[in-house]
Amino acid sequence: MNAPTATLTQSLWSGVEHIHAAILRHPFVTGLTDGTLPRETFRHYIVQDAHYLRSYSRALAVCAAKAPTADDTVTFAEHAGGAIAAERALHAALLDDLGLDAGAAAAEPVAPTTVAYTSYLLATCYGGSFTEGLAAVLPCYWIYARVGAALVERGSPDPLYARWIAMYGGEEFQSVVEAVLAITDRVGPTLSATDRELAHRHFTTTSRYEWMFWDAGYRRETWPV
């Protein structure tokens with residue numbers, strides 16, 4: 001008998017397990033759970049995440065427009081709206097605790113890694129197929145869910161960090177991610193070898209950008225010139 005073929009999500013994740021492990025080891029992430037991460041570092045990250053989510057919402061909206069079924073269009077359109085809602089609600093609350101209002105945060109410069117990551121997402125979603133866009137946006141869903149689940153287990157002595165962890169490690173966000181994984185595995189068997197290779201390439205690239213985003217936040221990255 002032939003061994004069962006791996007699903008698309010299984011195949012994609014097997015190629016980025018080392019990236020996920022590196023994120024969990026990153027001092028930004030470990031600093032959240034042991035409470036040693038400086039508030040100024042977290043503040044920088046939250047400002048950049050707000051910039052990121054506005055572009056991510058646009059990428060999801062393009063996925064909705066290119067989706068193969070009406071149900072998929074509804075899913076991604078709802079998620080696009082949800083990204084904006086999360087940015088407004090959670091970040092407004094966090095920024096208040098960090099001593100910065102939403103208007104001032106929006107006026108802060110978009111850092112180099114944020115520009116690079118969002119530019120790649122939008123270029124892929126606009127210029128590529130639905131599957132390419134799906135593969136590009138998937139790491140933000142999936143890696144955040146995996147990291148969130150791990151951080152919930154570890155907890156944090158800092159109530160602000162614990163509140164952030166609860167959002168990404170909570171059941172509501174996990175169910176959102178499961179819906180997108182199901183779409184990915186439904187699409188998987190319809191792909192040509194070329195389309196599958198493109199999906200892997202985009203998924204791996206944006207997974208790397210996920211690590212880079214954490215690292216840029218930790219370094220409080222700014223433009224060098």
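The values are calculated or read from the model by the stated rules, or taken from the named source; none is laboratory data. These numbers come from a predicted model, not from an experiment. Note: ideal-geometry Cβ built from the backbone for every residue, glycine included; neighbour counts use all protein chains shown.
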Is it the case that L122 is over 27 Å from R58 (Cβ atoms) and part of a helix (DSSP H, G or I)? no
Suppose the filter is over 22 Å from W164 (Cβ atoms), assigned to a loop (DSSP other than H, G, I, E, B) and out of contact with any Cys (no Cβ under 7 Å at 6 or more places or on another chain); does T9 pass it? no
On the basis of being of a type in the set (G, A, S) and out of contact with any Phe, Trp or Tyr (no Cβ under 7 Å at 6 or more places or on another chain), does A135 make the cut? no
Could you list, ordered by first residue, the pairs with Cβ atoms under 9 Å in which the first is in the stretch 23-37 and assigned to a helix (DSSP H, G or I) and the second is of a type in the set (K, R), at least 6 apart or interchain? I23/R146; L24/R146; T30/R154; L32/R154; T33/R154; D34/R154
Subset of the stretch 44-100 that is β-branched (V, I, T) and in a helix (DSSP H, G or I) - its residue that is surrounded by the most Cβ atoms within 10 Å (Cβ to Cβ): V47
Within the stretch 147-165, which residues are buried (at least 19 other Cβ atoms within 10 Å of the Cβ) and within 17 Å of the chain's Cα centre (by Cα)? V147, G148, L151, W164, I165
Looking only at the stretch 103-139, count how many residues are buried (at least 16 other Cβ atoms within 10 Å of the Cβ) and modelled with pLDDT under 95. 1
Criterion violated by P157 - all others in (1) assigned to a helix (DSSP H, G or I); (2) farther than 24 Å from D71 by Cβ satisfied: (1)
Pick from the stretch 189-225 the residues that are among the hydrophobic types (A, V, I, L, M, F, W, C) and in a loop (DSSP other than H, G, I, E, B): which of them is farthest from T114 (Cα to Cα)? L191
Picking from T206, T184, T222, T190, the residue that is under 21 Å from Y120 (Cα atoms), modelled with pLDDT of 95 or more and exposed (fewer than 14 other Cβ atoms within 10 Å of the Cβ) would be T222
